[in-house]
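The values are calculated or read from the model by the stated rules, or taken from the named source; none is laboratory data. These numbers come from a predicted model, not from an experiment. With ideal geometry, Cβ positions are generated from the backbone for all residues, glycine too; neighbour counts draw on all protein chains shown.
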Amino acid sequence: MARFLRTAGAVIVVLLLLFVGFWFWASSGTLPESERAQVNNYGSSTFPSDTVSVMTYNIGYLSGMTNNEPVEREKALYDRNLETAIELIETADPDIVAFQEIDFAAARSFGVHQLDTLAQRLSYPTAAKVVNWDVRYLPFPYGWPSVHFGQVISGQAVLSRYPIVKHERTVLAETSRPYVSRVFYLDRLAQQTDIVVGEDTLSVVNVHLEAFEDSVRRVQATEVRALLQPLVASQRPVLLIGDFNAIPDDPNDKTLQLATAGFDLKRAMPSVSSPSGTYPARDPKAMIDHIFYTPAHIEPIATAIHCGPADDPPSDHCAVSMRFALSSDSTAEMSTAP
């Protein structure tokens, strides 16, 4: 009996050590810090026209309406959604696209570098990417290993037809989840890019805020506001865009108000012919993806929501686009700014 107990104890210890070893290995990333924020050039930048257009699009790693569902997926799903997303973006024809939930050769999307692919297929010369999820093995969605995401390298990105001259990655407040879950969870980021458009420098802040914890999301919103402060004070045109996971005028959630408090920022209002929301894409009711702009420098011309085919959208989110003109005041104020 004693021998059996010793053997059983040894087996338990070995299993625990194997589990702990796997846990640390799986939750560790593969990229050095220097590769978590990069600018890539694919070709020559273009000269701006009289107007500029921008789009924000959470592509949900092109998993369509299966995002985060514990289901087995085939590569054909991603191939089909890639083509649909390309058609959607081509139709809107934005000069600048801000992505959230875009994979950089992750196992869950069959190793396709979605940013490189979209940049090359859509002929964007410049891209900036930030990594917010870098784990060797992600045991999510919960279930059989066949539905696990596996290795994940994912994040946010900006495609631009104009030169990107500055790029910064800011990690926002982390979740309050238990540690064992937190080490596998993504970082919530604010990605700032400065883009030269003619004689102007346009600052674009691309965010993806917390989805599940309202209190954490509100803290992140105040951090975004602090990031915006020097940009707005510099009297340059500023865009705050992305997936805020918050709807306007929610009496129980002041995320949008906290992010923009004290600034003259307006939210781009889609036309009445657009869907009433951006999520879920198959029947979009919740407006959680937004474009904010500084009206002193940016004059909106048209705003629209793009969801793709109603029966088979490429993402669980719709995209939002805005065409605008940089006001004449913008150039004058930029030339006198310190």
Residues that are surrounded by fewer than 22 Cβ atoms within 10 Å (Cβ to Cβ) and aromatic (Phe, Trp, Tyr), drawn from the range 236-278: PHE263
Odd one out for ARG36 among (1) modelled with pLDDT of 95 or more; (2) surrounded by 15 or more Cβ atoms within 10 Å (Cβ to Cβ); (3) of a type in the set (D, E, K, R): (1)
Close pairs (6 angstrom Cβ cut-off, 6 or more residues apart or separate chains): in contact (Cβ under 8 Å) with a residue 60 or more places away in the chain and outside any loop (DSSP other than H, G, I, E, B) in the range 112-140, among the polar types (S, T, N, Q) and surrounded by 23 or more Cβ atoms within 10 Å (Cβ to Cβ) anywhere: THR126/SER160; ALA128/THR193; VAL130/GLN156; VAL130/GLN191
Pair list, Cβ under 8 Å, 6 or more apart: the range 152-178 residue over 24 Å from THR255 (Cα atoms), other residue modelled with pLDDT of 95 or more and basic (Lys, Arg): VAL152/ARG108
Candidate set: the range 39-67, residues that are hydrophobic (A, V, I, L, M, F, W, C) and either part of a helix (DSSP H, G or I) or at pLDDT below 95 (or both); chosen: the one surrounded by the most Cβ atoms within 10 Å (Cβ to Cβ): LEU62
Members of the range 68-105 found to be in contact with a Pro (Cβ under 9 Å, 6 or more places away or on another chain) and outside any helix (DSSP H, G or I), listed by number: ASN68, GLU69, PRO70, VAL71, ASP95
Selection from the range 178-221 of residues that are loosely packed, with under 15 Cβ neighbours inside 10 Å, polar (S, T, N, Q) and over 30 Å from GLN151 (Cβ atoms): SER215
Within the range 142-169, considering residues that are crowded, with 19+ Cβ neighbours inside 10 Å and polar (S, T, N, Q), the one farthest from PRO230 (Cα to Cα): SER154
Any pair with Cβ under 7 angstrom, 6 or more apart, that starts in the range 56-84 at a residue that is over 30 Å from TYR293 (Cβ atoms) and ends at one that is aromatic (Phe, Trp, Tyr) and exposed (fewer than 15 other Cβ atoms within 10 Å of the Cβ): PRO70/TYR142
Contacts under 6 angstrom Cβ, first residue in the range 287-313 being farther than 23 Å from ALA261 by Cβ, partner of a type in the set (Gly, Ala, Ser) and part of a strand (DSSP E or B), 6 or more apart: GLU299/ALA325; ALA304/SER321; HIS306/ALA319
Residue list for the range 110-121, restricted to those being of a type outside the set (Val, Ile, Thr) and crowded, with 17+ Cβ neighbours inside 10 Å: HIS113, GLN114, LEU115, LEU118, ALA119
